[in-house]
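The values are calculated or read from the model by the stated rules, or taken from the named source; none is laboratory data. Predicted, not measured: the structure shown is a model, and the values here were computed from it. Cβ coordinates were reconstructed from backbone atoms using ideal geometry, including for glycine residues, and neighbour counts include every protein chain displayed. Only protein heavy atoms, including side chains, enter the accessible area calculation; ligands, DNA and RNA are left aside. Shrake-Rupley method; radii C 1.70, N 1.55, O 1.52, S 1.80 Å.
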Amino acid sequence: MTADPVAIARDLVRCRSVTPEEGGALTYLQGLLEKAGFTAHRAVFTEPGTAPVDNLYARIGTAKPNLVFAGHTDVVPAGNEASWSHPPFAGEVEADKLYGRGTVDMKGGIACFVAAALDYLGANSGRPRGSISLLITGDEESVAVNGTIKLLHWAAERGEKFDHCLLGEPSNVEAVGDTIKAGRRGSLNGTLVVTGRQGHVAYPDRADNPIRGLVTLIAALQAPFDDGSALFTPSNLEFTSVDVGNTTVNLIPGEARARFNIRYNDRHNQAGLKTLIEDRAKAAAAGRVHYAFEWQPSNADVFVTKPGPFTDLAVAAIAEVTGRRPKLSTSGGTSDARFIKDYCPVLEFGLVGQTMHAVDECAPLADLVTLTAIYRRIIEKYFG
Ligand SMILES: [Zn+2]
């Protein structure tokens, strides 16, 4: 039974699992896990307008606690393959680095936790003291509707209970061990629509230019919302587009729109934030600007895994293996942790993220070995 993270990562990279294709990656993992005694299930989820996506849930043991490792085998496309110095799906090693799409995000992370679990089982007569589960989706990089969110629901319906989860996304900034992601900011998209009255630019008194009102409201909405919190940077609203669409030089338009995204911290929730923004717009409009907000639905609410025994355990394991004390961070975009947090506390810890989604994505072999040792240590400590 192989517990070599480099070999597993290489084999996974050779599966062309460009989102949402399974590419053989889940079948490969299922084979490895079943050989080690895991019970594995595949679940294909569908949703109108999206491609069906294959997912894998595997568990060994029936007792509590159930430690879950989560991840995704789908990868973003390679782009122009000719610009890679190693073919993106060849899994070539050069100068002690494994090259290929997904080495960092996140087939490498999966390989490390699979290798760690197999190694732990090998050293403990094949059974964990509680249970070890793997929750692997093929739908993270695209729309993420037929993946983790449904797999969690599916597992819960079968009576599966999760106690703690490690998501193996690339969390580190410079070196393995420097950063654990212990939460994520929320993300909310909206559009501000200001309506005026169309008219001739030479007769502005007969028109009402919505661009004037839009500028006033944009200025008001860009003021700070807070100054951050213990684990979060300040919330930020960023305008991403201002749209009038007027190609006529002597026409005052009738409507002006501005799109924005807010990345918000744990001092807000979606409803409160919308109220805050609408109140702010109302004050700035002072009854003179006619406007409305259009809010897009968002399933990316803010969350934080509060420091506690599980975080302490992970920090201690990382420090013992690397000598580094990881920083708890909540930076970056959203991840599947936003869905997992509804079932159990979740931390994100994986490889160094620098080459993710880039040409020549690669992971140093030494990092794969270190990350495996860290996961192995976490499993050991977790089951005492
Ligand atoms: Zn990822």
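Only protein heavy atoms count here; under a 1.4 Å probe, Ser125 has an accessible surface of about 110 Å². Expressed as a fraction of 2.2 N^0.38 Å, the C-alpha radius of gyration for region 61-152 is 1.33. May I ask for log10 I(q)/I(0) of the chain at q = 0.06, 0.07 Å⁻¹, from a Debye sum over the Cα atoms as equal point scatterers with solvent left out? Debye output, listed in q order: -0.29, -0.38. Take the Cβ atoms of Asp226 and Val201, set R0 to 45 Å, and the FRET efficiency comes out at 0.65. With a threshold of 30 Å on the Cα-Cα distance, the over-threshold entries among Lys107/Lys306; Lys64/Lys97; Lys97/Lys327 are Lys64/Lys97. Solvent-accessible area per residue in the chain equals 43 Å², computed with a 1.4 angstrom probe and all protein chains kept. Its residue count N sets the reference 2.2 N^0.38 Å, and the alpha-carbon radius of gyration of region 222-262 equals 1.80 times that reference. At 25 °C and 0.890 mPa s, what whole-number value in µm²/s does Stokes-Einstein give for the translational diffusion of region 1-74, with Rh from the Kirkwood sum over Cα pairs? My calculation gives 181 µm²/s for D. Taking only C-alpha pairs under 8 Å that are 6+ residues apart, what is the relative contact order of region 59-195 in percent? The value is 37 percent. Within the assembled protein chains, the solvent-accessible surface assigned to Leu231 is about 40 Å², based on a 1.4 Å probe. Its residue count N sets the reference 2.2 N^0.38 Å, and the alpha-carbon radius of gyration of region 77-227 equals 1.73 times that reference. One Cα centroid belongs to region 154-169, the other to region 247-295; the line between them spans 39 Å.
Rolled with a 1.4 Å probe across the full set of protein chains, the surface gives Val193 an accessible area near 10 Å².
Per residue, the chain reaches -9000 deg cm²/dmol at 222 nm when only DSSP H runs of four or more residues are counted, each adding -39500 (n - 2.57).
For the chain, give the percent of accessible area contributed by carbon and sulfur heavy atoms, probe 1.4 Å, rounded to a whole number. Carbon and sulfur together cover 50 percent of it. In region 1-159, one over the average inverse separation of all distinct C-alpha pairs is 16.0 Å, which is the Kirkwood hydrodynamic radius. Farthest towards the positive end of the charge dipole of region 252-367, among the residues Ala284, Val359, Gly332, is the Cα of Ala284, using unit charges on the Cβ of Lys, Arg, Asp and Glu.
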